[in-house]
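See structure below.
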Amino acid sequence: MTHPLKHSGLAPAPGLEGLVVAQTALSEVDGQKGELILRGRRIEELAGTMPFEHAVGHLWTDLVPISQGDLQTTFAKARMLAMAAVPAMSEAPRELDIYERMRLGICALPVDLELTSAERICGAIPVILAAAARLENGEQPVAPDPHLATAEDLLRMLSGTRPEASAVAALDRYLVTILDHGLNASTFTARVIASTGADMKDAITGAMGALKGPLHGGAPGPVLDMIDAIGTPERAADWIANELREGRRLMGFGHRVYRTRDPRADVLKAGLALLPQDNPKLRSAEAIERAALNALAIAKPDRRLDTNVEFYTAVLLNAIGIDRQLFTPLFATGRAPGWCAHVIEQQKTGRLIRPSSEYIGPMPG
Ligand code: ACO
C-alpha cells in the first residue's frame, strides 16, 4: 500500500530553505538587499561605533531588565563568578578540546540570583573561553579584571598581558558584528531547546553544538587554512580552480540567505584598517577574495556565491593574534547574547516547536 503522503510534495524544501518558523523583533536578514538589521538599526550603525556591551543592551531591550550603561558592570560581575567553574574545567579529561571544555564550563557555572541566566552566561563565556584555551596549552587560567570591558579583558585573559588598543577595538567590532543573525542553524537550535522548557544553559550549549560545523560557525579556521595553502596571491586562481574542479567548497563564500554580499564581510573588512598593516595575510586577503569570486562566478553561473562573514573573520582574528582553534569559540562568545535573546523570545510564546515529518518508509503488510 502506498502511503498517502508519499511523494506528496507536502514537505518543505530540504534544509527548510525559505520556511518562516518564528516571529522575532531581534534581527532581520534581507538576502536580496544584503542588509542586516538588529532591532531597527543596521549592523553598520552598531559595529565599530559602540562597545559590545552597548550593542548587547540594544539587542536585549525589553527582554532583559538592565540598562545599557549597567551591562559592563553586570558582565564584569558575571566574569568574576565564572572563576568558580574553572576547577571543573581543569579536572576534565585531557582529551576534551577547547570547545568541549567550554560547554562543560558553562554547565558548571554557579547560580547567582542577582543576575539573569542570560547575563550570567554571556558575561561568563569570555572567562570560560580564555581558561579553556590556557588549559589546552598547559597554562594556568588568568583571573578576570572587573574594571575592564569584555573585549579587552578577554584578550588579557588569553595572553596574560595587556592587549594593544587596536586589537581590542577590532575584537569589539567583531563581537558586535556577529551578535545576531535571524534564524540561522544555531539560533533555531536554541529556540527548539527553549521551546521544550529546558533552561538557558541547555539552549546555549546545544546552540554551540550546531554552530561548530564547517557549514556554519566552523568555517573561519578552514578559511585560514585555505589562505595558508594558497600562500601568495599569484597562486590563488590555480589553487581555487583546482578546489572547485575537485568538487570542494570554498570556505567563507556562499550563504543560505544572502544572494549578494554578506554586509558583515564589509564591516569586518573595514575593521582591518584599525590594525597594523605588516601582517602578510592582510595584504593577500583581498586578492584571494577576488580570485575566489571570479572562480565561483565561472563555476556556478546559476548561483550567486559571494563573500560571507567568515572570510574576513578569519583574516581579522588572525591579524589580532588569535589562534585558529579559538575562531569558533569566539563566534560563540559574540553570538551567545543573540541566542539568549531568542531563547527569551521563544519562552514568551510558551509554544513547543514540534514539526512533523513525511513518512517515506515501508508500511506494514
Ligand atoms: N564553494 C563552492 N560551491 C559552493 C559554495 C562554496 N562556498 N557554496 C555553495 N556552493 C555551490 C553548491 O555546491 C551548489 O552547487 P550545485 O548546485 O552545483 O550542487 C550550489 O552552490 C548551491 O549550494 P547550496 O548547498 O544549495 O547552498 P546552501 O544554501 O545550502 O549553502 C552554505 C550555504 C552552507 C553556507 C554554503 O554556501 C557553503 O557550504 N559555504 C562554505 C562554508 C561557509 O563559508 N560557511 C559559513 C557560512 S556563514 C555562517 O554560517 C556564519
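Here are the numbers for this structure:
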{"read-out": "Selection from the range 308-330 of residues that are within 9 Å of the ligand (Cβ to nearest atom) and not in a helix (DSSP H, G or I)", "value": "308"}
{"read-out": "Test for residue 103: is it of a type in the set (Lys, Arg) and either in contact with a Cys (Cβ under 9 Å, 6 or more places away or on another chain) or open to solvent by less than 10 Å² (accessible area, probe 1.4 Å) (or both)", "value": "no"}
{"read-out": "Any hit, the range 64-85, residues being under 30 Å from residue 269 (Cβ atoms), open to solvent by 50 Å² or more (accessible area, probe 1.4 Å) and not hydrophobic (A, V, I, L, M, F, W, C)", "value": "yes"}
{"read-out": "Test result for residue 333, within 11 Å of the ligand (Cβ to nearest atom), assigned to a helix (DSSP H, G or I) and closer than 30 Å to residue 61 by Cβ", "value": "no"}
{"read-out": "Count of the range 257-289 residues which are at pLDDT 95 or above, under 14 Å from residue 36 (Cβ atoms) and not β-branched (Val, Ile, Thr)", "value": "7"}
{"read-out": "The lone exception for residue 228 - which of (1) surrounded by fewer than 22 Cβ atoms within 10 Å (Cβ to Cβ); (2) acidic (Asp, Glu); (3) within 13 Å of the ligand (Cβ to nearest atom) it fails", "value": "(3)"}
{"read-out": "Failed item in (1) within 16 Å of the ligand (Cβ to nearest atom); (2) outside the structural domain of residue 283 (by TED's automatic domain parsing); (3) in contact (Cβ under 8 Å) with a residue 24 or more places away in the chain; (4) more than 12 Å from the chain's Cα centre (by Cα), with residue 189 passing the rest", "value": "(3)"}
{"read-out": "Extreme residue, farthest from residue 166 (Cα to Cα), among residues of the range 240-278 that are near the ligand (Cβ under 10 Å from one of its atoms) and without any contact (Cβ under 8 Å) to a residue 40 or more places away in the chain", "value": "247"}
{"read-out": "Every pair of residues 6+ apart whose Cβ atoms lie under 7 Å, when the first sits in the range 353-365 and is modelled with pLDDT of 95 or more while the second is surrounded by 10 or more Cβ atoms within 10 Å (Cβ to Cβ) and of a type outside the set (Asp, Glu)", "value": "353/191; 353/192; 353/195; 363/3"}
{"read-out": "Check on residue 124, buried (at least 20 other Cβ atoms within 10 Å of the Cβ), out of contact with any Phe, Trp or Tyr (no Cβ under 8 Å at 6 or more places or on another chain) and among the small types (Gly, Ala, Ser)", "value": "yes"}
{"read-out": "Criterion (open to solvent by 20 Å² or more (accessible area, probe 1.4 Å) and within 14 Å of the ligand (Cβ to nearest atom)) met by exactly one of 300, 281", "value": "300"}
{"read-out": "Only listed residue being assigned to a helix (DSSP H, G or I) and more than 27 Å from residue 344 (Cα to Cα), chosen from 134, 101, 120, 94", "value": "134"}
{"read-out": "Close pairs from the range 130-147: first free of Cβ contacts under 8 Å to residues at least 40 places away in the same chain and open to solvent by less than 40 Å² (accessible area, probe 1.4 Å), partner β-branched (Val, Ile, Thr) and assigned to a loop (DSSP other than H, G, I, E, B), Cβ under 9 Å, at least 6 apart", "value": "130/142; 134/142"}
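The values are calculated or read from the model by the stated rules, or taken from the named source; none is laboratory data. In this text the structure is predicted, and so the values were computed from the model without any measurement. Quick reminder, even Gly has a Cβ in these numbers, built from the backbone with ideal geometry, and neighbours come from all protein chains shown. All accessible areas refer to the heavy atoms of the entire protein, side chains included, with ligands and DNA or RNA removed. Shrake-Rupley method; radii C 1.70, N 1.55, O 1.52, S 1.80 Å.
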